[in-house]
Amino acid sequence: MAAPSGPRALPARRWLLAALAVLVLTGGVAARAALPDAVGGPLGDALYATLVVLVVALVRPRTTAWVAAVAGWMVSAAVEAFQLTGVPADVVARFSPARYVLGTTFVAGDLAWYAAGAALGGLLVGLARADLGDLQVRHTRSPHARWHRRAVPAVVGGVLAVALATGGAAAWVVHDEAGTLRTSLSAARTALAGSEGRVADDATRTALAASLADAAALLDETPLLERRPGDAVRARRQVADDAAAVAASRLAKALADADAARTALAPLTARGDQVVAATEGLGAPDDARAALQGALATAGAAVTESTSLATATPGQAARVEAATAALTASATTVREATVALMTAQDAVTCPYPDQVWFPEAGHLADADLAAIPWAPTYRVRADVLPSLVELDAAFRARFGQNLRLNSAYRSFEQQTTVFNPDDPNPLAAPPGCSNHGLGTAIDIDGISTPGNAQLAWLDANAGRFGWENPDWARPTGRLPEPWHWQHVSTPTTY
């Protein structure tokens, strides 16, 4: 008995052709999504033409396989040529999924891939029809006909199942990678926000911002079918690399800032230690001394903490920044406590507002002093000597003689000798309060008589060389001393 043929076989043919069409469609999408562009692009183009051939065979069931193949290639080529008009690009710009039907850019080489795909489509149409028609006619003639008749749909169905499974797996991978990427972005955004103004190289923040923007565009703007497995992984790695660069740059700046803060703090703590030692037993208030000692102890702890972080890792940048903040705060506290103690000691030791107490007064090192060339038994601070030599040269050019000096730098012991607390000599300040002890003052002999020409010349010219008769020593001052001259660098406040 002959197998049915003709119109009654068409439904079965259409089912098989539809199954093949779904298989080809899935394969084309998977190729575009999972394979590199160099492979997935041509393969997708070929399967596009194959799909068109199968659709032609479905729409026109009685079309021969080779006619369907030619028609499929012509339709595919027409769509490719249509891209030259720019219309497909405009449509895709408004509706992104349309790119899978219309494409966007004309590429002549695609026509060859369409031909290959159309040939494959014609072959599939021919095989599908042969399996469902001719094998049924030979059912009674071959012992294996029944097996062949069932095998073809089974094979096609199996291939379709594998393709669907592969596509599903690819979709699951893409979705899972996207979830991992989305989770990782929060920490990177926090790192970016927290690093503003805290990195050594701001270009690292620019790079991280760009990679975060690219990752967000991939997640929020790129359709799922346009993503390939690995896209999110690459985006996550880029974000991680850029975040690591920001962290490293932040640590580099934090360590540099810590070094600078320690360097700035060092002379302040040295000064504070000097003042604490110098005020021992001089009657300064205990609370002022205790405050400075406490500030110095806190500063020492801050230095120890910051030094221990010299080999910190990028994850410890915030800790280094906190240590730097502690150093900076200590610098302010030590400076203020030092001034407070010096001011308190000044109030105890120096009886007049124009006298200022300094711990180094009378205790200058020999290396900081220099002998006056025309009066080598007297010394001044080395850095003010050149200006004194210039003043003397101008004085000698005017009067034919050097400045006659009878006092310059006085050690603490020498100042103690000229100052008697039981019977104070009003012309000598208490030890620690005289700027002679700072090495910036001289006393000039023979100019004190009223109307003295040398004194008048000094009044008019000494300022050009940086020397002055201070207000308290002027004729209308607290203690007129026309012989007392000091360099303008002499400190008068803290």
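Scan the range 351-368 and report the pairs whose first residue is under 14 Å from His436 (Cβ atoms) and touching a residue at least 12 places away in the same chain (Cβ under 8 Å) and whose second residue is assigned to a loop (DSSP other than H, G, I, E, B) and of a type in the set (D, E, K, R), with Cβ atoms within less than 6 Å and a gap of 6+ or a chain change.
Sorted first by the residue in the range 351-368, then by its partner, the list stays empty.
I need the helices (runs of 4 or more DSSP H) fully contained in the range 1-89, keeping only those with at least 2 residues that are surrounded by 17 or more Cβ atoms within 10 Å (Cβ to Cβ), touching a Lys or Arg at 6+ places or on another chain (Cβ under 7 Å) and at pLDDT below 90.
Working: elements: 10-34, 37-59, 65-82.
The qualifying helices (runs of 4 or more DSSP H) are 10-34, 37-59.
Which condition from (1) open to solvent by 60 Å² or more (accessible area, probe 1.4 Å); (2) at pLDDT 95 or above; (3) assigned to a loop (DSSP other than H, G, I, E, B) is the one that Thr449 breaks?
(2)
Report yes if Arg262 is farther than 23 Å from Thr333 by Cβ and under 31 Å from the mean Cα position of the chain (by Cα), otherwise no.
Values: farther than 23 Å from Thr333 by Cβ: no; under 31 Å from the mean Cα position of the chain (by Cα): yes.
Taking the combined requirement at face value, the residue does not satisfy it.
Mind listing whichever residues of the range 470-483 are part of a loop (DSSP other than H, G, I, E, B), of a type outside the set (Phe, Trp, Tyr), out of contact with any helix residue (DSSP H, G or I) (no Cβ under 7 Å at 6 or more places or on another chain) and buried (at least 17 other Cβ atoms within 10 Å of the Cβ)? Give the derivation first.
Here is the first cut: in the range 470-483, the residues part of a loop (DSSP other than H, G, I, E, B) are 470, 474-483.
Subsequent filtering for residues that are of a type outside the set (Phe, Trp, Tyr) retains 470, 474-482.
Still in the running and out of contact with any helix residue (DSSP H, G or I) (no Cβ under 7 Å at 6 or more places or on another chain): 470, 474-476.
Within the range 470-483, just Pro470 meets the criteria.
Only one residue in Ala165, Ala119 is modelled with pLDDT of 60 or more and either aliphatic (A, V, I, L, M) or surrounded by 12 or more Cβ atoms within 10 Å (Cβ to Cβ) (or both), so which one is that?
On the way: Ala165 fails: modelled with pLDDT of 60 or more.
After applying the criteria, what remains is Ala119.
Which residues, counting only those in the range 365-382, are open to solvent by 60 Å² or more (accessible area, probe 1.4 Å) and charged (D, E, K, R)?
Taking the range 365-382 first, the residues open to solvent by 60 Å² or more (accessible area, probe 1.4 Å) are 366-368, 373-374, 376-379.
Of everything in the range 365-382, those that are open to solvent by 60 Å² or more (accessible area, probe 1.4 Å) and charged (D, E, K, R) turn out to be Asp366, Asp368, Arg379.
If a residue must be touching a residue at least 40 places away in the same chain (Cβ under 8 Å), surrounded by 12 or more Cβ atoms within 10 Å (Cβ to Cβ) and assigned to a loop (DSSP other than H, G, I, E, B), how many such residues does the range 406-446 contain?
13
Considering only residues that are without any contact (Cβ under 8 Å) to a residue 40 or more places away in the chain, in contact with a strand residue (DSSP E or B) (Cβ under 6 Å, 6 or more places away or on another chain) and not in a helix (DSSP H, G or I), which ones fall in the range 374-394?
Listed by number, the list holds a single entry, Ala375.
Tally the residues that are at pLDDT 95 or above, charged (D, E, K, R) and either in a loop (DSSP other than H, G, I, E, B) or more than 24 Å from Asn469 (Cα to Cα) (or both), restricting the search to the range 330-373.
4
Across the range 203-235, which residue is nearest to Ala34 (Cα to Cα) among those that are in contact (Cβ under 8 Å) with a residue 24 or more places away in the chain and open to solvent by 80 Å² or more (accessible area, probe 1.4 Å)?
Here the answer is Leu225.
Which residues, taken from the range 282-304, are part of a helix (DSSP H, G or I) and crowded, with 17+ Cβ neighbours inside 10 Å? Spell out the reasoning first.
Within the range 282-304, the first condition is being part of a helix (DSSP H, G or I), and the residues that meet it are 286-304.
Listed by number, the residues that qualify are Ala288, Arg289, Ala291, Leu292, Ala295, Leu296, Ala299, Ala302, Val303.
So which residues in the range 452-469 are among the polar types (S, T, N, Q) and either in a helix (DSSP H, G or I) or open to solvent by 40 Å² or more (accessible area, probe 1.4 Å) (or both), if there are any at all?
Once the filter is applied, which keeps residues that are among the polar types (S, T, N, Q) and either in a helix (DSSP H, G or I) or open to solvent by 40 Å² or more (accessible area, probe 1.4 Å) (or both), the range 452-469 yields Gln454, Asn461.
Quick check on my filter: what residues within the range 242-283 are touching a residue at least 12 places away in the same chain (Cβ under 8 Å) and of a type in the set (Ser, Thr, Tyr)?
Within the range 242-283, Ser249, Thr269, Thr279 meet the criteria.
The values are calculated or read from the model by the stated rules, or taken from the named source; none is laboratory data. It should be emphasised that the depicted structure is a prediction, and the values quoted were computed from it without experimental measurement. Here the Cβ is made from the backbone with ideal geometry for all residues, glycine too, and neighbour counts use every protein chain on show. SASA here: full protein model, heavy atoms, side chains in, ligands and nucleic acids out. Shrake-Rupley method; radii C 1.70, N 1.55, O 1.52, S 1.80 Å.
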